[in-house]
1. Using a Gaussian network model on the chain with a 10 Å cutoff between Cα atoms, which of Leu96, Leu156, Leu16 fluctuates the most?
2. Could you run the Karplus curve 6.51 cos²θ - 1.76 cosθ + 1.60 with θ = phi - 60° over region 92-109 and give me ³J(HN,Hα) per residue in whole Hz, x for Gly and Pro?
3. So what are the ³J(HN,Hα) numbers for region 317-322, from phi and the Karplus equation (6.51, -1.76, 1.60; θ = phi - 60°), rounded to whole Hz, Gly and Pro as x?
4. Just to confirm the filter: which trypsin sites (Lys or Arg not before Pro) across region 12-58 are DSSP coil and have at most 13 other Cβ within 10 angstrom of their Cβ?
5. Run the dipole for the chain about the Cα centre, Lys and Arg Cβ at +1, Asp and Glu Cβ at -1, nothing else charged, and hand back the magnitude in debye, nearest 20.
6. If packing is taken as the average count of other Cβ atoms within 10 Å, what order do 305-314, 339-348 fall into, highest mean first?
7. Tell me the GluC sites (Glu not before Pro) within region 103-177 that lie in a loop according to DSSP and have at most 14 other beta-carbon atoms within 10 Å.
8. Can you tell which of Ala238, Ala247, Ala335 shows the greatest fluctuation in a Gaussian network model of the chain with Cα springs below 10 Å?
Amino acid sequence: MKRIGVLGGGQLGMLLTESIHRQGGAVSIYDPDRSAPACKQVGAGQCFNEKWTNIPALERFFSGVDAVTYEFENVESSELYHFEKTKPIHPSVSVLHTTQDRLREKTFLREHNLPHASFTAISDLEALPEILTQFGYPSILKSSRGGYDGKGQYFLSNPDDSQSALAQLKSSEVEYAGVLEEALTIEMEVSCIVARSPQGKEVIFPVFENLHKNHILDFTILPARIPISIENKVREIALDAARHLGAYGLLTTEFFLTKNNARRSTGAQCDGWQIYINEFAPRPHNSGHVTRTACTLSQFDALARVMLDIPLSEPKVLANGSFCMGNLLGDVWLAQGREDLDLSALADHPNVVDLVLYGKREARAGRKMGHFVTHASSAEQALRYAQEFRSSLETKPNPER
């Protein structure tokens, strides 16, 4: 039995652990948080709850596994190069190093002629107003490291916005590194997951349509509501990017789709649309949760197969119609005013075909606590079912029910 090490014990690690177990593997988790969802799943003795900088603990972790992957990008890549010489890490530390830093990621896109929004590096905040004079508005200022779900991002539509952003950033007293990129007029956001094995097999998942709220993924629709020509082009670019990166395991590529000509940027043009890569995630992705119900092969099963040397198969959508995944944030728990979520509303929503709660101990606004999936004959109907179900959960339960 192969033992796979997973760096990170959040919900992605939890669901990956489930897939590895189902396909005959064993799992060890490394995460500083003893209450991380995946740590609860693997049990005592298989979870290393130490700091990311604890080299002796990492050595013990690596010594007991056959191969390693990770479920988020905030693992310090510099510490892993040594361990990669002793055990396979998929995707590689080089891929992690590139994708965990926005400037390196954007530079990679430019060097390999992959479509992206025009950008410039920002290391001196004092120079930002002058740079904006040349670069132009509207623009988005993004931190190079650590930003997700909109954190560390500032939309700059005029000089007043830039002054406000400067004031906030200077107050942090942290040396700044970021990128300034052109703000595009976005028609739609989509993502595409590619799985590649070292043996040369490559599979591409269907394209997901992603709807965001407050910079956090709100709903994912499968199939995406785009022409087949755009679907094929997005899949082609996602595979091309994975090959250029040399990524084995999973690579999720997030895209912006537009129908307007940009001020400075040029995307991949296809049938009146322009396609831009936003960013990469070298791991399972929030939008890919829908594949657990909607596809013949889930994103977690695909990564498990790569790690366990099991052949990949092309993922297909299981049923006609559309699927919609909805995130359950801590806001739902707060709206109910309960520690344990009351799910009695499920009885009234037969179109909910999957529901997963991650078992996190503290509900906070904006924190991902679970997800669910609906199915219907059309994308619009599946989305409406998802909206109605989540709305019913946000209502305090009737104690008499």
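1. So, out of Leu96, Leu156, Leu16, the one fluctuating most is Leu156.
2. So the J values, rounded to whole Hz, are 5, 5, 4, 5, 4, 4, 6, 7, 8, 10, 4, 5, 5, 5, 5, 5, 4, 4.
3. 6, 6, 9, 5, x, 9
4. On the way: sites: Arg22, Arg34, Lys40, Lys51; in loops: Arg34, Lys51.
Passing sites in region 12-58 are Arg34, Lys51.
5. Its charge dipole is roughly 780 debye.
6. Packing proxy ranking, top to bottom: 305-314, 339-348.
7. Values: sites: Glu105, Glu111, Glu126, Glu130, Glu173, Glu175; in loops: Glu173, Glu175.
Of the GluC sites (Glu not before Pro), the ones in loops of region 103-177 whose Cβ has at most 14 other Cβ atoms within 10 Å are Glu173, Glu175.
8. Answer for the Gaussian network model of the chain: Ala335.
Coordinate-derived values only; no laboratory data. Since the structure is predicted, the reported quantities are computational estimates derived from the model, not experimental observations. A quick note on method: Cβ atoms are made from the backbone with ideal geometry, for glycine too, and the neighbour counts reach across all protein chains shown.
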